[in-house]
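The values are calculated or read from the model by the stated rules, or taken from the named source; none is laboratory data. Remember, it's a predicted structure, so these values are computed and weren't measured experimentally. A quick note on method: Cβ atoms are made from the backbone with ideal geometry, for glycine too, and the neighbour counts reach across all protein chains shown. Protein only, heavy atoms only, side chains kept; ligands, DNA and RNA dropped before computing areas. Shrake-Rupley method; radii C 1.70, N 1.55, O 1.52, S 1.80 Å.
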Amino acid sequence: MNPEGDASPAAGDIALESRGVGHGFGAKAVLFDVNLKLRRGQFLSLVGPSGCGKSTFLRAIVGTHPPRAGELRLFSAESGDEGKVIDAPGRDRGIVYQQYSLFPFLTARENVAIGPMLDQTSLAFRCLRRLRWRQLRREQWRAAGDMLEKVKLADAMNLYPHEMSGGMRQRVALAQAMIMKPEIILLDEPFGALDEATREDLQYMLLSLYEENQKAVRQGNRPPYTLIIVTHELNEAIYVGDRLVGLSQFWDWRKEGHAAAPGATVVYDKPTPVFDTKTARNFERFTAQREEIRRVVFEPAPPCDRHQHVVYWREQTAR
Ligand SMILES: Nc1ncnc2c1ncn2[C@@H]1O[C@H](COP(=O)(O)OP(=O)(O)OP(=O)(O)O)[C@@H](O)[C@H]1O
Ligand SMILES: [Mg+2]
């Protein structure tokens with residue numbers, strides 16, 4: 001049995017594994033013994049009280065703040081079954097923040113194309129192999145256009161960030177991440193600054209990416225998108241993901257013999273219902289799960305047994 005209380009999923013199915021990850025700043029403990037196996041093609045929603053360490057966990061996956069304890073492993077076609085320990089940022093992980101991260105002096109299309117342009121060529125290459133550089137640029141330009149069509153911005157390719165709405169900028173930011181074809185995309189409250197209608201459009205867009213995954217799997221192909229989304233909105237968390245993980249500092253650490261709170265850990269890990277783009281949103285259906293998450297993840301007292309609601313893989317194995 002592993003810490004998630006189950007038989008292990010098949011190695012090739014896993015995109016990311018967090019093994020006993022701990023983190024903190026100075027004497028302040030933030031994360032403790034975070035264990036998680038993320039399936040390739042999964043859309044995992046991550047929730048938890050403000051300040052519990054959700055962004056810290058994403059930054060550890062991005063590689064800018066590697067964990068203080070334990071390890072994070074990323075699995076790709078190249079890395080094989082053992083995966084590769086994350087210890088620095090890399091193009092195999094993309095992140096989208098709440099605050100827009102676009103270059104203000106580039107159009108939508110240029111913003112999306114610039115990542116692969118800088119990634120695939122060096123300055124020397126650009127100077128010395130001009131013809132090949134020009135051909136590559138044409139390919140990247142076309143790919144950026146295709147990506148913007150995918151995020152429904154076909155008509156806005158030539159706009160600058162200041163000419164776009166908040167929702168459009170977040171779509172460009174997502175296209176920017178997706179064009180690099182990362183193994184995993186991290187979204188840190190990506191829709192937090194948007195109004196409700198725009199937010200709904202973007203949730204819908206995530207569902208359409210999930211449907212692309214399902215189609216790829218049906219055809220025997222690798223699902224193209226694996227995603228972790230941090231959100232404060234529980235309805236959104238249940239709606240856009242197929243699995244919900246709750247991080248919380250409110251768990252019964254005294255029972256495990258700690259003298260002081262060791263940090264937030266996974267206290268909730270369950271599947272969520274999968275929705276499609278053809279059915280209207282209906283948050284009434286989420287009520288029971290929403291209440292359970294509120295009680296287990298967000299309420300300080302009484303502290304819960306941290307393993308009781310961590311059953312995702314056990315349920316998958318039992319199916
Ligand atoms: N660079 C830093 N130096 C010191 N403390 C930090 C640093 N970054 C984060 N922290 C602290 O670590 C804890 C976790 O922060 P983090 O931003 O990961 O929380 P969060 O769950 O993302 O919160 P929110 O939901 O409000 O975004 C907080 O107490 C925060 O003050
Ligand atoms: Mg945060």
Matching residues in the stretch 133-168 - criterion: being of a type in the set (D, E, K, R) and under 26 Å from Leu123 (Cβ atoms):
Arg134, Arg137, Arg138, Glu139, Arg142
Which pairs have Cβ atoms under 6 Å, sit 6 or more apart or on different chains, and link a residue in the stretch 175-200 that is more than 18 Å from Ala156 (Cβ to Cβ) to one that is among the acidic types (Asp, Glu) and away from ligand 1 (no atom under 14 Å from the Cβ)?
Pro182/Asp92; Glu183/Asp92
Could you check the stretch 296-318 and list, in sequence order, the residues that are under 14 Å from Asp252 (Cβ atoms) and over 24 Å from the mean Cα position of the chain (by Cα)?
Glu299, Pro300, Ala301, Pro302, Pro303, Cys304, Asp305, Gln308
Do the conditions hold for Gly20, that is, is it assigned to a loop (DSSP other than H, G, I, E, B), away from ligand 1 (no atom under 16 Å from the Cβ) and either at negative phi or open to solvent by less than 30 Å² (accessible area, probe 1.4 Å) (or both)?
no
Screening Glu139, Glu189 for residues that are assigned by TED's automatic domain parsing to the domain that holds Lys37 and not basic (Lys, Arg) leaves only Glu189
What's the number of the only condition in (1) at pLDDT 95 or above; (2) over 21 Å from Ala60 (Cα atoms); (3) open to solvent by less than 20 Å² (accessible area, probe 1.4 Å) that Leu187 fails to meet?
(2)
Checked pairs for the stretch 221-242, first assigned by TED's automatic domain parsing to the domain that holds Asn282 and under 20 Å from Phe75 (Cβ atoms), second open to solvent by 10 Å² or more (accessible area, probe 1.4 Å) and within 16 Å of ligand 2 (Cβ to nearest atom), C-beta under 7 Å and 6 or more apart or across chains, list as none
Quick check on Arg40: is it open to solvent by 80 Å² or more (accessible area, probe 1.4 Å) and either assigned by TED's automatic domain parsing to the domain that holds Val266 or within 15 Å of ligand 1 (Cβ to nearest atom) (or both)?
no
